[in-house]
Amino acid sequence: MGLKEKTVGDLTEILGPESIISDDGAMRIADPIMVRTYAKAFGYVPEHRPLCIVKAASAEQVSKTLRYCSDNDIHVIARTGASSSEDQLLVIDDRTIFIDGSPMNRIVDIDTENMVVTAQCGTPIAALEERLNADGYTLGHAPQSLPLASMGGLVATRSTGQFSTYYGGIEDLVCGLEAVLPNGEPIAIRPVPRRAAGPDLRHIAIGSEGALVFITEVTVKIFKWYPDLMWKGGYIVENFKTGLAAVRDVMVKGYKPSVVRLYDKADVDHNYGSVKLKNEEAFMFFTVEGPGGVPEAHGAAIHQIALSYGAEHIGVKAVDHWFLTRNRICDTIGTEKEYVKFRETNVYNATLEICANWGQIGEIYDEAMRTLPEVIPELVMLGGHVSHSYMNGTNVYFVYALKMGDPASAHLAQYRFVDAVCDVVLKYSSATIVHHHGVGKMRAGRIREELGSSFTLLEMLKQSIDPGNIMNPGCLIPIG
Amino acid sequence: MKRICVCFKVVDDFDEVLPSDWDEAGGDGPDLAYVRRILGDFDEAALENALLVKDAYRALGIGADLTALTLAPGYADHILRNFAAVGVDRTVCLETQEDLRFSPERTASALADFILGGPPPDIVLAGLMTPPGGSGAVPLFLAEYLGLPCVTEAISLTPARDCVAVEHRVDSGICRREMLTAFLCTIGNARRSYLRVPTLREALRAPAPAIEHVESKIAGSRGGLKPLSVRREDRRRDCLFSEGADASDHAAFLYERVIKEALL
Ligand SMILES: Cc1cc2nc3c(=O)[nH]c(=O)nc-3n(C[C@H](O)[C@H](O)[C@H](O)COP(=O)(O)OP(=O)(O)OC[C@H]3O[C@@H](n4cnc5c(N)ncnc54)[C@H](O)[C@@H]3O)c2cc1C
């Protein structure tokens, strides 16, 4: 009996037939976005396919499955919303199954006294946010992939949202969680407001990208939601560098905008289009949230700072337009139109996010914009924007498009682009090669350089939690 | 040397208009100042098909020169700057301050003035129409003004030495014609509909995208042309609301009110 038949047979016996998908066609849903796109546009068939997908309906099922996989050296890729972008879900061998946590989609408890919500890993964030909004609350977490992603995946990728400058990334929101270890043992980290009992164990699960544990349930903070009181301001600045200086000033003076975005012209023209920019001009906008008094006060101060950098105030239309279109990309993923366009033009659009201190981010942006077109001949478009700012620095989200000659080598072109950005970023002491999409398999080859001497801690964690290396091998930590 | 001229239009992406602006829109339509400018869908297909024709001529050893012609494109540098890199030899923007919305004759007249002012083209291509609000009449008037036969709703063009095979949609299906040049052709739901994209390197290597801005005197309609008959197309959309409590109610409603009616 082949490994597929045996694994499917055994898991069917353990979990019941309704929990197992093993039909090749149906399993296509397991393909990561890029593979799906290639498959549809060019009939591309990935080299490796999963043995089956386990639709896990409970922590107990996850536990039984992991125990089986641990005992039989079957590799496991956890997934929930399947929107991850760094090849986290790419199958790289012929002994892998998916554990799909999307059936675990219950909102367990909304606790408005203690301002937390507990949800199972497969709960779509959009459903949870909608539910909270109806009662006047918000998660404060709104990734662009809001229509696609689920709570487990968001925590597992250490994701961040469009309003992060005010609410923080997911790591600032998670108070507690439940998970299952690779050997099948369930664990729980109780949600408390703060804890000083040793290292923060939440962080073993947050950002672990399915390479350490399977997250079954998360408890995250919620916030009072005041959408009608939001302050907004849109500006055109002379160039990206001036915009960076203005954004830095807003942050270091201590103002708390929720959205802070600064776009270069290439990005505006290619993706956004709402502001007609000349030459080197850049588009910058801010929103401020909070209870009455706060948005006006912070907004007025931010406005003055923007003007002091020579910014032209263009009102709120362009900002409203961003709100209207901010997640639209999710509607185009998987559509026939997208595949036809891809097939006809061979152009693949992608993004890459990095981050650095204020002192270096401008130089990194300049160097990347200057050198990448030289080293990546397939580039058809390169632009960038700032979307998540901090007291000490900010991110740059490179937006790029590659023209693929041959679909089979497309991956290589994308990996070369990613490597070229890493080459630039790793030269700078205050910079990181990954801001919020996770490392996946795409940037795993550079994680040693990224973490430097602390990489050994990650290796030790992996070794002790997952000694058999069954959890998403090659993701986060490279093989070999 | 074959001369190809493709007429195109840069339009506002109406998908991006804010709902509040639709609500507040007056007679002049909604505020479009902040929405993305894009190539009209059919015009994009016309440009790509013009490039395909140029490629095909080159494969036959015949030189071809491609002019892309537009009227009052507005903010469009991000669209036009790549034209040279993909193979457009000349990009001409006819500039005017006049409001040419809903004036297909005057638009066609301005385009014709420019085309007739230069060496006569062998093939003129234009998108079938430019939504939103496009009448689809510009290419038809243009063909008349240029005195060219017009093939509508082409989906592909295959040049040979002495003619061009044009596949185009007609009511009964797809018709293939062999056209002697010169002719005008509107591009409909073509087999190739997206404009090719140059790499940044190709764009850098390409000749500088000299976009010619030419003042256009819009003289008004050339007169003498009257549509033989004009009729409003009878197109309606009906809307039914299913107010059932659950999926099976909705399914029953769908079956009774929509599927059954369609089948009977
Ligand atoms: C159009 C688009 C926009 C995006 N915008 C953003 C953005 O604004 N911010 C942002 O941070 N990211 C963004 N992303 C990336 C992606 O949406 C996030 O990485 C998201 O967190 C993935 O969630 P998911 O539920 O889809 O996870 P999946 O894709 O299912 O999985 C993601 C990773 O987490 C692991 N995983 C999933 N579930 C579990 C679990 N229960 N236990 C343990 N590990 C698990 C998987 O193995 C994988 O490594 C975007 C992606 C797309 C396609």
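With respect to the conditions (1) out of contact with any strand residue (DSSP E or B) (no Cβ under 9 Å at 6 or more places or on another chain); (2) away from every other protein chain (no Cβ under 14 Å); (3) more than 15 Å from the ligand (Cβ to nearest atom); (4) modelled with pLDDT of 95 or more, A:K441 lacks only one, and its number is (3).
Here's the yes/no breakdown for (1) out of contact with any Lys or Arg (no Cβ under 9 Å at 6 or more places or on another chain); (2) surrounded by fewer than 18 Cβ atoms within 10 Å (Cβ to Cβ); (3) in a helix (DSSP H, G or I); (4) among the charged types (D, E, K, R):
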| position | (1), (2), (3), (4) |
| --- | --- |
| A:D87 | no, no, no, yes |
| A:V91 | no, no, no, no |
| A:D94 | no, yes, no, yes |
| A:I99 | no, no, no, no |
| A:E113 | yes, yes, no, yes |
| A:T118 | yes, no, no, no |
| A:L128 | yes, no, yes, no |
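Could you check A:E378 against (1) surrounded by 20 or more Cβ atoms within 10 Å (Cβ to Cβ); (2) of a type outside the set (A, V, I, L, M); (3) within 16 Å of the ligand (Cβ to nearest atom); (4) within 11 Å of chain B (Cβ to nearest Cβ) and say which number it fails? A:E378 satisfies every listed condition except (3).
Conditions tested, residue by residue: (1) open to solvent by 10 Å² or more (accessible area, probe 1.4 Å); (2) within 19 Å of the chain's Cα centre (by Cα).
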{"site": "A:A149", "(1), (2)": "no, yes"}
{"site": "A:G161", "(1), (2)": "no, yes"}
{"site": "A:E171", "(1), (2)": "yes, yes"}
{"site": "A:E178", "(1), (2)": "yes, no"}
{"site": "A:L181", "(1), (2)": "yes, no"}
{"site": "A:P186", "(1), (2)": "yes, no"}
{"site": "A:V192", "(1), (2)": "yes, no"}
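The single condition among (1) more than 14 Å from every other protein chain (Cβ to nearest Cβ); (2) modelled with pLDDT of 95 or more that A:S409 does not meet is (2). Restricting attention to region A:340-360, the residues that are more than 23 Å from the chain's Cα centre (by Cα) and hydroxyl-bearing (S, T, Y) total 1. Within region A:35-78, being over 16 Å from A:E217 (Cβ atoms), crowded, with 21+ Cβ neighbours inside 10 Å and at pLDDT 85 or above holds for A:P50, A:L51, A:C52, A:I53, A:V54, A:T65, A:C69, A:I74, A:H75, A:V76, A:I77. For region A:248-271, a residue qualifies if it is surrounded by fewer than 22 Cβ atoms within 10 Å (Cβ to Cβ) and within 14 Å of another protein chain (Cβ to nearest Cβ), and the qualifying residues are A:K265, A:A266, A:H270, A:N271. Test A:G480 against the criterion of being open to solvent by 40 Å² or more (accessible area, probe 1.4 Å) and part of a loop (DSSP other than H, G, I, E, B), and give yes or no. The answer is yes for A:G480.
Looking at B:D23, B:D31, which one is more than 25 Å from A:M381 (Cβ to Cβ), within 11 Å of chain A (Cβ to nearest Cβ) and open to solvent by 30 Å² or more (accessible area, probe 1.4 Å)? Give the steps one after another, and end with the answer.
On the way: B:D23 fails: within 11 Å of chain A (Cβ to nearest Cβ).
Of the residues listed, the single one that is more than 25 Å from A:M381 (Cβ to Cβ), within 11 Å of chain A (Cβ to nearest Cβ) and open to solvent by 30 Å² or more (accessible area, probe 1.4 Å) is B:D31.
Can you tell me which of A:A82, A:A78, A:A119 is hydrophobic (A, V, I, L, M, F, W, C) and in the same structural domain as A:E185 (by TED's automatic domain parsing)?
A:A119
Residues that are more than 14 Å from chain B (Cβ to nearest Cβ) and open to solvent by 20 Å² or more (accessible area, probe 1.4 Å) within region A:381-405 comprise A:Y390, A:M391, A:N392, A:Y397, listed in sequence order. On inspection, A:K427 does not qualify as within 16 Å of the ligand (Cβ to nearest atom) and either more than 14 Å from chain B (Cβ to nearest Cβ) or surrounded by 16 or more Cβ atoms within 10 Å (Cβ to Cβ) (or both). For first residues located in region A:311-336 and within 10 Å of chain B (Cβ to nearest Cβ), partners that are open to solvent by 60 Å² or more (accessible area, probe 1.4 Å) and among the small types (G, A, S) and lie 6+ apart or on another chain with Cβ distances below 7 Å form the pairs A:K317/B:A33. Checked against (1) under 22 Å from the mean Cα position of the chain (by Cα); (2) surrounded by fewer than 24 Cβ atoms within 10 Å (Cβ to Cβ), A:T216 passes all but a single condition, namely (2).
Exactly one condition in (1) over 25 Å from A:Q144 (Cβ atoms); (2) at pLDDT 95 or above; (3) of a type in the set (A, V, I, L, M) is false for A:I433; which is it? For A:I433, the exception is condition (1).
The set of residues in region A:1-49 being within 16 Å of the ligand (Cβ to nearest atom), part of a helix (DSSP H, G or I) and not basic (K, R) consists of A:S19, A:M27, A:I29, A:A30, A:I33, A:M34, A:V35, A:T37, A:Y38. Contact map, region A:85-110: residues that are within 11 Å of the ligand (Cβ to nearest atom) paired with residues that are acidic (D, E) and in a loop (DSSP other than H, G, I, E, B), Cβ distance under 9 Å, separation 6+ or inter-chain. Pairs shown: A:E86/A:E209; A:Q88/A:E209; A:L89/A:D31; A:L90/A:D31.
Filtering region B:34-61 to residues that are over 20 Å from B:S193 (Cα atoms) and more than 10 Å from every other protein chain (Cβ to nearest Cβ) leaves B:R58, B:A59, B:L60, B:G61.
Look at region A:217-234: where a residue is of a type in the set (S, T, N, Q) and a partner is part of a loop (DSSP other than H, G, I, E, B), sitting 6+ places away or on another chain with Cβ atoms under 8 Å, you get A:T219/A:P191. The residue that is nearest to the other protein chains (Cβ to nearest Cβ), counting only those in region A:343-367 that are open to solvent by 10 Å² or more (accessible area, probe 1.4 Å) and hydrophobic (A, V, I, L, M, F, W, C), is A:V347.
The values are calculated or read from the model by the stated rules, or taken from the named source; none is laboratory data. Since this is a predicted model, take the numbers as computed values, not measurements. When we count neighbours, we look across all protein chains shown, and the Cβ atoms used for this are built from the backbone with ideal geometry, even at glycine. Side chains are part of the model used for accessible areas, which takes the heavy atoms of the whole protein and leaves out ligands, DNA and RNA. Shrake-Rupley method; radii C 1.70, N 1.55, O 1.52, S 1.80 Å.
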